[in-house]
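Just below is one structure, and these are the notes that go with it.
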Amino acid sequence: MSLLKVTGLGKSFGGNRAVDDVSFEVAAGELLALIGPNGAGKSTTFNMVNGQLRADSGSITLSGQELIGRKPRDIWHLGVGRTFQVAETFASLTVVENVQMALISADGVVHSLWRRAADHRRDDALALLDLVGMKAHADRPCSVLAYGDVKRVELAIAMANAPKLLLMDEPTAGMAPKERNDLMALTKKLVIEIGIAVLFTEHSMDVVFAYADRIIVLARGRLIAEGKPLEIRDNAKVQEVYFGSGKTFEKKQAVAQATG
């Protein structure tokens, strides 16, 4: 059964139809990749699901509740978490305090001057950090962490509202290969164990084909293919859009491996 259902989604900027009649679904316990060449409409689609952009047409429902017209904060409270292409954390706060700030937001708590925000649900914050393998770093400032660890903290923050759906925008951008695989393996583990749905955009095709359960492909604002990773890898139309004739994902990956 679908958790997120997108139907007939459309968005224009001036005379440019950035997203044109796009429909797809994401089920609980599924990791769905949204890919496409530059200018395909991925970011626009992603930002409409999150409420940062309002769709001109169509419908976006989460567990049957319409999301179009709601603000990002309201969508967050309905159970949609998000990570960003560039990790967003408070560098001056400790790791655990960053997660506590997210819990404060999720709880809708307003802290008075005489009640320290750092006292709020510390045990729950530590449990979230344990979930992503960062509990041992709880009292370190985020400013001293390696970038891969910052991305793990961001994932803990995104999980603070116990999301039904997790949106991940270019989750492995700027990461080394091992960091990429570690983060996505962790995400896959959360999908399986907790049963959340994940929708993610990603330029790294090795990550997409290794971890996505299904893939949807956009080109010039329209959905051109959807299916299992092997189906998408062998789809001639997708390969044409990405590479032109005579090239394949396999050849591109072989070149990348040969050149380090």
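The values are calculated or read from the model by the stated rules, or taken from the named source; none is laboratory data. From a predicted model like this one, the values you see are computed outputs, not experimental measurements. So basically every Cβ, Gly included, is an ideal-geometry build from the backbone, and we count neighbours across all protein chains shown.
Residue-by-condition table, conditions (1) within 19 Å of the chain's Cα centre (by Cα); (2) among the β-branched types (Val, Ile, Thr):
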site	(1), (2)
Val49	yes, yes
Ser59	no, no
Ile68	yes, yes
Leu78	yes, no
Gly81	yes, no
Ala87	yes, no
Phe90	no, no
Val99	yes, yes
Test: residue in segment 141-156 that is in contact with an Asp or Glu (Cβ under 9 Å, 6 or more places away or on another chain), under 17 Å from Ala87 (Cα atoms), of a type in the set (Gly, Ala, Ser) and surrounded by fewer than 17 Cβ atoms within 10 Å (Cβ to Cβ): yes
Pairs, first farther than 19 Å from Leu32 by Cα in segment 227-243, second of a type in the set (Asp, Glu), C-beta under 9 Å, six or more apart: none
From the options Asn50, Asn16, residue that is farther than 24 Å from Lys228 by Cα, of a type outside the set (Gly, Ala, Ser) and touching a residue at least 60 places away in the same chain (Cβ under 8 Å): Asn50
Within segment 13-53, tally of residues that are in a strand (DSSP E or B) and in contact with a Gly (Cβ under 9 Å, 6 or more places away or on another chain): 8
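So that you can scan it fast, the table gives a plain yes or no per residue for (1) at pLDDT 95 or above; (2) of a type in the set (Gly, Ala, Ser); (3) not assigned by TED's automatic domain parsing to the domain that holds Asp149:
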| site | (1), (2), (3) |
| --- | --- |
| Val6 | yes, no, yes |
| Gly14 | no, yes, yes |
| Asp21 | yes, no, yes |
| Pro37 | no, no, yes |
| Lys42 | no, no, yes |
| Arg54 | yes, no, yes |
| Ser57 | yes, yes, yes |
| Thr61 | yes, no, yes |
| Arg70 | yes, no, yes |
Residue in segment 2-21 that is within 21 Å of Ala160 (Cα to Cα), crowded, with 20+ Cβ neighbours inside 10 Å and not hydroxyl-bearing (Ser, Thr, Tyr) present: yes
Qualifying residue in segment 108-117 (condition: at pLDDT 90 or above, farther than 13 Å from Ala160 by Cβ, of a type in the set (D, E, K, R) and loosely packed, with under 15 Cβ neighbours inside 10 Å): no
